[in-house]
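Here the structure is laid out as structure tokens; the discussion comes afterwards.
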Amino acid sequence: MASTADSDLPSTPGPSAPRPLGDLVNVADFERRAAEVLEPGVHGYYAGGAGDERTLRENVAAFGRHRLRPRVLVDVSAVSAATTVLGSPVSMPLLVAPTALHRLAHPDGEPATARAAAAAGTIYTLSTLATSRPREVCAEAPRAPRWFQLYVLRDRAVSQALLDEAVECGFDAIVLTVDAPRAGRRERDVRTGFAVPADVEMPAIRAAVGAPTGPSPVQFFSLLDTSITWSDLERLCADCPLPVIVKGVHTAEDARLAADHGAAGVIVSNHGGRQLDGVPAALDMLPEVAEEVGDRVEVLMDGGVRRGTDVLVALALGAGAVLVGRPILWGLACGGEAGALRVLEILRAEVELGLTLLGAPTPADVEPSHVRAG
Ligand SMILES: Cc1cc2nc3c(=O)[nH]c(=O)nc-3n(C[C@H](O)[C@H](O)[C@H](O)COP(=O)(O)O)c2cc1C
């Protein structure tokens, strides 16, 4: 029988040999290790942003422009990071964002990430551009809450089949990504000539193009339907038995339209700085969205969250929870399921410690007065 250590050994793209995770104490440590172990083209695809990467940098920098305002002599003898998102209980206000192509980080791919999220007690969002089908991911973490991220493909039958499979398999919500009618120009990928290796299967793309080989990111975005509008959202919300969350909202105006057309939630996001370079940090757009629709729909945000204290800042500015993208990929690259789980455990411990020191025993106790700009 194979030992646990043996079964952790990658067989397709990914780190060449597992190294102990024990000396990685924060997300930045995982990020550095991932840069060492990943093949340069894959690392560039994961790490990179669009254009001059101004928005990519801004997403992280924005958290550094905020200061926490702790309150003292608050009873913090029973602190819990647990909360609910769209009615699902989660261990912390931090979920796993949809990211493509997990098998490039580790051969165990999306099933490993799903198991890690389930073990950490949080929600995993499976991307349309995953290397596993919804059914496969569901089998790996059958009882965990999970969401399915939808790109509407020009071949609507393919999108519908994915959606139907997600519904059948018990996914809890659909995340409709609306900020990527075309791929942003990610110059790291241009320089490395990044393309998905022929042996890495993307079931949605295979169904759309009828071929097993994975094209470049620009090519797979060219399969998306760029004609979709608010009326398509309204139809999706009406027809889909699951709540629909709109991901990629930047402004109060669009947040209001999303709520008006039936969305159950919005994710303030600029796709991790990978789409329109020059837009503000997601954190900087959060307050206007929360103010506009926070009393009607769930408001979430992603982009640049690297610390538990970042989560606290986002909560204070009106988010119900945040999502993380790259930190999970770094965890996966460094140690498969165990690495992704370690990243989530580190972040949960940081959130819990942060809540304690902030004088807010639960996420719901974090208020706007707990933060100030600058
Ligand atoms: C490598 C990579 C692939 C991504 N793939 C998708 C995707 O398939 N669908 C999607 O909606 N967002 C995708 N995103 C965006 C993430 O969901 C999320 O918005 C972003 O990563 C958050 O920023 P962070 O990486 O700073 O946490 C991707 C991001 C990265 C880094």
Quiz item: Do you know the relative contact order of the chain, to the nearest whole percent, from alpha carbon pairs under 8 angstrom that are 6+ apart?
Solution: 27
Self-check item: the chain - convex hull of alpha carbons, volume per residue in Å³
Solution: 134
Quiz item: Among residues other than Arg115 whose Cβ falls under 10 Å from its Cβ, what is the net charge (Lys/Arg +1, Asp/Glu -1)?
Solution: -4
Quiz item: When DSSP assigns beta bridges and you keep just the ones with both residues in the chain, what percent turn out antiparallel, to the nearest 5?
Solution: 20
Quiz item: Near Leu347, within a Cβ-to-Cβ distance under 14 Å, what is the net charge of the other residues, with Lys and Arg +1 and Asp and Glu -1?
Solution: -2
Quiz item: Cysteines of the chain lacking any other cysteine beta carbon under 4.7 Å?
Solution: Cys237, Cys240, Cys334
Quiz item: Under a plain spin-label model, where a point goes 7 Å from the Cα along Cα-to-Cβ, how far apart in nm are Asp29 and Ser369?
Solution: 3.7
Exercise. If a/c stays under 1.5 just call it rounded; otherwise compare a/b with b/c (prolate if a/b is bigger, oblate if not). Do that for segment 61-159, with a ≥ b ≥ c from the square roots of the Cα gyration tensor eigenvalues.
Key: prolate
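Report the net charge of residues surrounding Cys169, where surrounding means a beta-carbon distance below 14 angstrom and charges are Lys +1, Arg +1, Asp -1, Glu -1.
-3
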Quiz prompt | Positive-end extreme of charge dipole, the chain - chosen from Gly318, Thr122, Gly359 (charges on Cβ) | solution = Gly359
Self-check item: segment 63-221, relative contact order [Cα under 8 Å, separation at least 6], %
Solution: 17
Exercise. Quick one: which residues, 5 or more positions from Val175 or on another chain, have an amide H under 5 Å from its amide H? H modelled 1.01 Å from N in the peptide plane, none for Pro or chain starts.
Key: Phe148, Gln149, Leu150, Ile245
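Since every read-out is calculated from the coordinates, none of them should be taken as a lab result. Computed from a prediction, not measured in an experiment: that's the story for all the values here. Positions of Cβ are generated from backbone atoms using ideal geometry, with glycine treated the same way; all protein chains shown enter the neighbour counts.
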